[in-house]
Structure formats: structure tokens, C-alpha cells
Amino acid sequence: MSFSFSSLIRLLVLLAVGTTMVALGVSRLDPPRPGWRVRRPASHVNVNEYYLDVADRTPRWLDAETGQVAAYPLEDGSVLESATCSPWVDENGQRQVAGRWASRTKDGPMSMSNDFGLARYTFPGGKLVDQVSTDIVPAGVPCWYPGMTARILFAAGDGLLYHFAFEPEPWVKASDPEAKGDLKPRLMSWKCSSPGAGSVFIGDLSWPEDPRLGGCVVVSLREKKLGREGAQSFSRTQIWWLKLNFAGTEVVDCGRLISPDGLPEDQDERSPTVSALPDGRLAVAYLTQRSGSKTWVLRAAPISFDSDRRGPRAHASESLPLGDRCQPAHPSLSSDGRWINAISGQCPSESRVTRFSTSKLTRPSI
């Protein structure tokens with residue numbers, strides 16, 4: 001018995017269809033497993049190219065362990081500024097970075113932006129994961145939420161706090177497997193009374209991982225004050241802590257981190273970074289600037305806790321100056337707490353990474 005050529009073709013098509021159906025059935029029985037992530041503190045800190053006097057728009061990252069700065073270009077040629085590294089790595093050993101994204105030409109300060117918003121990329125590698133165009137973008141470096149979800153908290157140019165989830169939280173995904181991330185940033189609300197006589201203007205953010213902080217976010221903040229005859233004005237920039245609710249959508253408590261004892265009234269504080277010292281104590285590194293000065297002073301102070309454990313506290317009278325002539329970039333501490341990296345220099349053309357020892361802050365060994 002012989003088969004015609006057309007019969008052979010039909011047989012092959014039927015076999016192919018049957019194989020595909022079997023494969024689909026097997027895939028449903030054993031669906032692809034989601035990737036896993038492992039908590040691992042990041043050692044790289046994004047540095048605005050302005051502070052380094054470079055103009056090629058390639059993201060620069062400072063390694064807090066070595067103090068070295070390296071360029072990590074993005075595959076699609078976009079610009080990523082005010083970015084931050086995820087506090088975890090995935091199954092491939094890669095992190096993600098998220099921040100202010102812009103599709104612009106690399107023409108230095110004169111480059112034109114075609115579109116902007118939020119984006120996240122793999123790190124290293126610079127491969128785009130996703131991006132969203134929005135009018136609300138970070139004015140400073142965002143913070144990743146605790147946990148393994150790609151979700152960030154940031155202060156925008158209007159001085160308000162926003163949060164954005166690239167991915168839904170696990171409990172949302174469990175109840176709705178088809179759930180997606182946010183379409184646009186969401187405004188952070190205040191459940192407690194905000195500082196001052198009205199609105200606040202929030203700038204630099206830092207979200208320490210140490211459990212002793214109880215999940216508090218550390219920010220630089222200006223509160224509104226009432227003057228004579230009801231005139232309103234903003235205070236000097238101060239460093240505060242904010243406590244969020246479990247969902248991370250509301251501020252439920254707040255307090256001033258740097259106690260003003262002995263603090264000059266004409267001084268600004270900004271760029272706080274909290275980390276553990278070699279002796280185990282927590283300390284905050286931050287920058288101060290007096291009125292009329294063009295540069296910032298790097299200071300550090302040990303952190304204590306009120307007896308009611310309401311929030312952390314550092315005393316200005318116990319802070320130590322570590323370096324002057326600094327740029328207002330976030331200082332970063334090495335993982336062992338022995339070194340603080342800061343961008344120093346009278347101006348960007350003179351800037352360089354300087355490493356300052358924290359030995360003055362640690363207790364002498366017995």
C-alpha cells in the first residue's frame with residue numbers, strides 16, 4: 001500500500017498538532033516557576049554626573065566598598081538618573097536599578113528629552129525591564145520598599161512623597177493572579193499630623209535596613225512656619241524620620257532625627273544615610289551648610305532611641321565633622337562601617353570621591 005504525497009503532508013500536520021497539544025498539556029501540569037530573589041544589601045550608589053563634572057549622560061555608580069566610580073551604560077541608550085540599586089539579587093545573581101528615566105540624546109547639559117518617567121533596568125547589564133511615562137518623577141534618589149517586590153518610594157519636585165509598584169505585592173498577587181503593577185505614582189497620605197503649620201517639602205530619602213530603626217524612612221524636610229501677621233515661610237532643611245503603615249501607603253508617625261541642641265539656626269541638613277558602625281551602634285552621616293557657604297560639611301552622629309522606643313534620635317552636640325568642601329550627594333558607608341564615601345571639592349570641576357574614617361565615632365576597644 002502506498003501513500004500519496006498529499007497524504008504524507010496531512011499525516012505530518014496531524015503529528016505536529018498532536019505534539020503541540022501534548023506539550024501544552026504538559027506545560028499546564030508543570031507551569032514555569034517564577035524566579036526567586038535573595039536579600040543582599042547593595043554596595044553601589046548612583047552619583048549624579050553633575051557632581052563628577054561629566055557630561056556624557058552615562059549612569060555612574062560608586063562602589064561603597066572601594067570608593068571607585070564606574071560607568072554602566074544602558075543597552076537602549078536612555079538616561080537613568082537619581083537611581084537606586086535593589087536590596088536583593090535574582091536567580092541570575094543580578095540586581096535591578098530604578099529611578100528617573102529619560103529618552104534623550106547624549107549631548108550633555110544641552111540634551112533634549114523626548115519622554116521621561118520611571119524605569120527599572122538590570123544591574124549590571126543595563127537591560128530594560130519596564131518603564132512608564134509620567135509627570136510625577138523623582139527629584140532625588142528613590143528608596144526600594146522592604147521585601148522582594150519591585151516597588152519604590154520617592155520625593156518628587158513638588159516636595160511630596162509618592163510610591164510606585166512596578167510589580168504587585170505578594171498578597172495582592174495571591175488574591176488576583178492577573179494583578180499588574182501601578183499605572184502611575186500614588187501620593188503618600190499622612191495619617192498623623194504633619195510637621196509645622198501646614199504642608200511640608202520633602203527632599204532626600206534613605207530607608208535603612210537595620211531592624212532597630214523599625215522600618216523608619218529618614219528624609220530631609222522643610223516644615224511650614226507661621227510668622228508675624230500670619231505670614232508663612234518654610235524652615236531650614238531638617239532631617240526627620242517617618243514611620244509608615246504596613247502597606248506603606250500612609251505616614252503614621254514622625255519625628256525629628258537630629259536633635260537641635262547646639263545646632264546653629266542658619267544651618268541646613270540634608271542627604272542622610274544610616275548604617276551600623278564597627279562597634280555595632282547605628283550612626284547617621286549627613287551634610288550641613290551654613291548660610292552664605294557654597295559647600296557642605298560632612299558630619300556623623302551616633303543614634304540612640306527614646307525610652308518609649310517611638311523613634312530614633314541623634315544629637316547635634318554629639319555629631320563630629322569629618323570633612324568640608326563637599327558636594328550635596330548622598331554619603332555612602334562601606335559594609336563594615338569603617339568608611340564613609342563622599343563627593344568632595346569646591347565645585348564639580350574639582351570633585352573627587354573621598355573616603356573618611358569613622359574611627360572617631362567608635363568606642364575604643366577594651
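Which of the aspartates and glutamates could be linked to LYS191 by a straight reach, that is with a Cα gap under 20 Å, when you skip same-chain ones fewer than 8 residues away?
Here the aspartates and glutamates satisfying the reach criterion relative to LYS191 are ASP158, GLU223, GLU250, ASP253.
How fast does the range 243-336 diffuse by Stokes-Einstein, in µm²/s, taking the Kirkwood radius from C-alpha pairs at 10 °C and 1.306 mPa s?
Using the Kirkwood radius from Cα pairs, D works out to 109 µm²/s.
With +1 on the Cβ of every Lys and Arg and -1 on the Cβ of every Asp and Glu, and nothing else charged, how large is the dipole of the range 188-366 about its Cα centre, in debye rounded to the nearest 20?
160 debye
Between LEU226 and ALA247, what is the FRET efficiency for a Förster distance of 41 Å, r being their Cβ-Cβ separation, to the nearest 0.05?
For LEU226 and ALA247, the calculated efficiency is 0.80.
Taking the mean number of other Cβ atoms within 10 Å as a proxy for protection, how do you rank 187-198, 133-144 from highest to lowest?
Highest to lowest by the protection proxy: 133-144, 187-198.
Which one of ALA247, VAL274, SER189 has its Cα pushed farthest toward the positive end of the charge dipole of the range 188-366, where Lys and Arg give +1 and Asp and Glu give -1 at the Cβ?
Of the options given, the answer is VAL274.
Once a ≥ b ≥ c are taken as the square roots of the eigenvalues of the Cα gyration tensor of the range 188-366, is the result rounded (a/c under 1.5), prolate (a/b larger than b/c) or oblate (a/b not larger than b/c)?
oblate
No lab work stands behind these numbers, since they all come straight from the coordinates. What you see is a predicted model, and the numbers here were worked out from it, not measured in a lab. Here the Cβ is made from the backbone with ideal geometry for all residues, glycine too, and neighbour counts use every protein chain on show.
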